[in-house]
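Structure first, commentary second.
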Amino acid sequence: MVCDSDKCVGCEICEYACSIKKEGVFNPLKSRIRTIRIHPLINLAITCRKCESAPCVAACPRQGALVQRQWDGLIMVNEEKCDGCGWCIEACDFGAIAIHPEKKVAIVCDLCGGEPECIKWCPEEALQLITTDVLAQKARINVVERLLLNVRR
């Protein structure tokens, strides 16, 4: 899942949609997605990037508390094994993992079984599911566009 910072207005509706779906309450602290303000005019929603060889899983000292599924890269939390130590949070380069405020276990996006509520409810359509190939292609296009702008100046 990616967020287009040009579209994100920081409304946090994604956080509320996630928390109601996953926890049955409107509480952004229980959300698996976070909205951050990078600059007064730039907002971004952050969620799990399903890293290859996920550092959060490698950092977890509790065997089997965090597991990355082979076929789709989702990080699964075994609440019975997770003790909320927070090592996964420290290891995540994206800030995509949190500790549930009551259960004291890691919480991470699981894409709502393939139909993320945050995407459905985003009023600006800033969130979308894309493959890593498409993401890489968009990054290459973005670099070329920036290079062309610099050449024209």
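Descriptive notes on the structure:
- When LYS104, LYS81 are screened for being assigned to a loop (DSSP other than H, G, I, E, B), closer than 19 Å to GLY24 by Cα and of a type in the set (Lys, Arg), only LYS104 passes.
- Exactly one residue out of ASP72, ASP93 is in contact with a Leu (Cβ under 9 Å, 6 or more places away or on another chain) and either free of Cβ contacts under 8 Å to residues at least 40 places away in the same chain or of a type in the set (Asp, Glu) (or both), and it is ASP72.
- One residue from CYS109, CYS118 being in contact with a Lys or Arg (Cβ under 9 Å, 6 or more places away or on another chain), part of a loop (DSSP other than H, G, I, E, B) and hydrophobic (A, V, I, L, M, F, W, C): CYS109
- Residue that is surrounded by the most Cβ atoms within 10 Å (Cβ to Cβ) [pool: residues in the range 80-137 that are of a type in the set (Gly, Ala, Ser) and closer than 17 Å to ILE20 by Cα]: ALA98
- Qualifying residue in the range 71-81 (condition: modelled with pLDDT under 95 and among the polar types (S, T, N, Q)): no
- Checking ARG49 against (1) charged (D, E, K, R); (2) touching an Asp or Glu at 6+ places or on another chain (Cβ under 9 Å); (3) crowded, with 20+ Cβ neighbours inside 10 Å, the condition it does not meet: (3)
- Any pair with Cβ under 9 angstrom, 6 or more apart, that starts in the range 44-61 at a residue that is touching a residue at least 24 places away in the same chain (Cβ under 8 Å) and ends at one that is in a helix (DSSP H, G or I) and aromatic (Phe, Trp, Tyr): CYS56/TRP87; ALA59/TRP87; CYS60/TRP87; PRO61/TRP87
- Count of the range 9-53 residues which are in a loop (DSSP other than H, G, I, E, B), of a type outside the set (Asp, Glu) and over 13 Å from the mean Cα position of the chain (by Cα): 10
- First in the range 126-153 and over 21 Å from CYS51 (Cβ atoms), second anywhere and at pLDDT 85 or above and of a type in the set (D, E, K, R), Cβ under 9 Å, 6 or more apart: ALA126/ASP4; ALA126/ASP6; ALA126/LYS7
The values are calculated or read from the model by the stated rules, or taken from the named source; none is laboratory data. Predicted model, so just to flag it, every value in this text is computed and none were measured. FYI the Cβ positions are ideal-geometry reconstructions off the backbone, even for glycines, and counts take in every protein chain you see.
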